[in-house]
Amino acid sequence: MVDVRPSPSQQRLQQCLSKLGLPADLQVNWQRLDQALTHPSAQASDHYEQLELLGDAVLRLAATECLQESFPQASVGELSVLRNELISDRNLAELASQLGLETYLITAPTLKPRAIPAPRLADAFEAVVAVLYLETRNLQLIRPWLDPHFQRLAQRLRQDPARLNYKDALQKLTQARSRRLPDYHTTEQHPIDGHPHRYYAEVWYQATCWGRGEGPTKKQAEQAAAAEAYQRLQATATE
């Protein structure tokens with residue numbers, strides 16, 4: 001009688017899928033999933049780096065669809081910045097840790113899972129997403145478990161705009177256009193701790209003020225100015 005029980009390696013991979021909220025009996029390309037969970041320190045080839053490239057594009061699409069459906073009234077600029085935050089290495093690594101992904105990573109004996117840098121953990125997460133995408137060539141195995149995570153994080157970010165890194169997004173946008181950085185002019189207008197409009201900021205780019213903002217801290221005032229500038233500059237690209 002043929003033994004049809006899954007191998008110990010396959011059992012490990014099935015447990016990983018169940019952590020994502022997928023059925024424990026889901027059948028995927030186990031060799032490919034094993035590759036997605038193999039850190040480059042473990043072997044010189046057949047590790048997650050090739051799959052990670054595809055997973056990055058898949059996550060960008062999944063995040064875009066999720067955000068457009070969840071926040072149909074939001075501006076393109078806001079959705080773009082939200083998407084950048086959702087799929088940043090920091091947030092993907094945090095999500096991977098919440099799901100216990102590092103437990104299933106194959107690494108060199110000298111590298112402990114908890115010592116894996118956040119960007120590399122994010123890479124492995126992207127690779128696993130790529131494996132799921134390749135099974136159906138769509139987001140059928142991805143969005144059902146990933147959307148709730150994206151929606152919760154997006155809600156938190158929208159409720160606390162200071163957490164959205166509009167300054168970083170604006171810098172990338174201006175550098176892509178002219179390789180020049182935006183310039184911030186920030187002043188204290190109400191020298192009272194906790195005053196909601198304590199600081200006033202303007203952001204200038206190519207001799208034009210593109211955004212203005214206020215906030216209780218310099219960072220929040222500059223983020224508010226950057227948000228306005230980012231959305232205005234994005235709009236000029238579609239005119």
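Bear in mind that the values in this text are calculations on the coordinates, not laboratory data. Note that this is a predicted model, so its numbers are computed, not measured. Cβ coordinates were reconstructed from backbone atoms using ideal geometry, including for glycine residues, and neighbour counts include every protein chain displayed.
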Under 24 Å, Cα to Cα: Lys pairs in the chain, sequence gap 8 or more or different chains: 5
Candidates Arg177, Arg137, Arg83, ranked by Gaussian network fluctuation over the chain, Cα under 10 Å, top entry: Arg177
Extension gain from Asp193 to Leu26, taking 0.36 nm per residue of separation minus the Cα-Cα distance: 54.6 nm
³J(HN,Hα), Karplus 6.51/-1.76/1.60, whole Hz, each residue of the stretch 212-224, x for Gly, Pro: 10, x, 10, x, x, 10, 4, 4, 5, 5, 5, 5, 5
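What length, rounded to one decimal in nm, is gained on full extension from Leu53 through to Arg232, with 0.36 nm per residue of separation minus their alpha-carbon distance? Could the numbers behind the result be given before it?
Details: separation 179, 0.36 × 179 = 64.44 nm, distance 3.08 nm.
Working it through step by step, the gained length comes to 61.4 nm.
For the chain, what does -39500 (n - 2.57) per DSSP helix run (n ≥ 4), summed and divided by total residues, give at 222 nm, in deg cm²/dmol to the nearest 500?
Working: 9 runs with 131 residues, N = 239.
Rounded to the nearest 500, the figure is -18000 deg cm²/dmol.
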Cα→Cβ-extended label distance, 7 Å offset, between Gln15 and Arg158, nm: 3.8
